[in-house]
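Report on the following structure.
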């Protein structure tokens, strides 16, 4: 007998299993969203530039408030309803499109590049500003998480936020896709194999999203020689990943050094066999 879900209604779980995604789920109230965005933009102001490069990647090791979001009970309850109680977070990653910018994300499937052996990874996308059609919210291809992974090609297009500018090498029927608009403080959840993309931000506000990538503790890294993840719930009886430290404050020295090692490892995995390396993460 399956355990009772903690937070997701049964139809949400069924939709996720069938179509590969579910949205929206409210996680943060307006005050929490405002505080999170303020902390991000306060740091950006302090360095006179937006978050960039490795700062986007495994950001929970740099910012305690991101680590707190990664461990948010509502998020973890939803993920547990989908993949069980023993959870690692492999990565956290900021997706920021400046107002009226050409930045976009091409159609792709993450599992093609992440070097992981699991199809059970859940990607949570948290909106810290409006993510709608005008600002370039995520779009998904329902059911594309089932069957074989689609062929991809590396395009390295300017403005593509992906590492290689990778994109699915077959035509995607846009009429079959679904947009996932989110209000600030809401999340979507999608399977690591699901094809997804997003268009440029044509709004007057920044589109700020934080993705958090959760997987069962039994998961393995099969491309890189070393990889890390944060144990966020339950227990890890497998030890396939080096556990990330939990920062006591922003830019905790121990966590910052671990961040350097961890992001180097992720970059090596993501650019395996690539023609060139871009400083996108």
Exercise for the section: Give the residues of region 105-115 that are touching a strand residue (DSSP E or B) at 6+ places or on another chain (Cβ under 6 Å) and either assigned to a strand (DSSP E or B) or under 19 Å from residue 155 (Cβ atoms) (or both), sorted by residue number. Expected result: 105, 106, 107, 108, 112
Exercise for the section: Tell me, yes or no, whether region 26-34 has at least one residue that is touching a residue at least 12 places away in the same chain (Cβ under 8 Å) and closer than 27 Å to residue 217 by Cβ. Expected result: yes
Exercise for the section: Tell me, please, whether a residue that is under 16 Å from the mean Cα position of the chain (by Cα), free of Cβ contacts under 8 Å to residues at least 12 places away in the same chain and either part of a loop (DSSP other than H, G, I, E, B) or loosely packed, with under 15 Cβ neighbours inside 10 Å (or both) can be found in region 70-86. Expected result: no
Handout entry: Pick from region 224-259, criterion over 19 Å from the mean Cα position of the chain (by Cα) and part of a helix (DSSP H, G or I), ranking: farthest from residue 83 (Cα to Cα)
Key = 253
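Inside region 87-103, can you point out the residues that are surrounded by fewer than 18 Cβ atoms within 10 Å (Cβ to Cβ) and not in a loop (DSSP other than H, G, I, E, B)? Even if it seems obvious, please write down each step before you answer.
Here is the first cut: in region 87-103, the residues surrounded by fewer than 18 Cβ atoms within 10 Å (Cβ to Cβ) are 98-102.
Once the filter is applied, which keeps residues that are surrounded by fewer than 18 Cβ atoms within 10 Å (Cβ to Cβ) and not in a loop (DSSP other than H, G, I, E, B), region 87-103 yields only 101.
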Problem - Of all residues in region 41-69 being in contact with a strand residue (DSSP E or B) (Cβ under 7 Å, 6 or more places away or on another chain) and surrounded by 24 or more Cβ atoms within 10 Å (Cβ to Cβ), the one that is nearest to residue 206 (Cα to Cα) - result: 59
Exercise for the section: For region 162-186, enumerate the residues that are at pLDDT 95 or above and either under 16 Å from the mean Cα position of the chain (by Cα) or more than 14 Å from residue 107 (Cβ to Cβ) (or both). Expected result: 180, 181, 182, 183, 184, 185, 186
Problem - Residue count, region 5-40 (criterion: surrounded by fewer than 17 Cβ atoms within 10 Å (Cβ to Cβ), touching a helix residue (DSSP H, G or I) at 6+ places or on another chain (Cβ under 9 Å) and not in a helix (DSSP H, G or I)) - result: 4
Problem - Residue list for region 157-212, restricted to those being assigned to a loop (DSSP other than H, G, I, E, B) and touching a helix residue (DSSP H, G or I) at 6+ places or on another chain (Cβ under 8 Å) - result: 163, 164, 184, 185, 192, 193
Exercise for the section: Return only the number of the condition from (1) surrounded by 22 or more Cβ atoms within 10 Å (Cβ to Cβ); (2) at pLDDT 95 or above; (3) not in a strand (DSSP E or B) that residue 215 does not satisfy. Expected result: (3)
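The values are calculated or read from the model by the stated rules, or taken from the named source; none is laboratory data. Bear in mind the structure is a predicted one, so any value in this text is a computation, not a measurement. Neighbour counts are summed over all protein chains in view; Cβ atoms, including those assigned to glycine, are modelled from backbone coordinates with ideal geometry.
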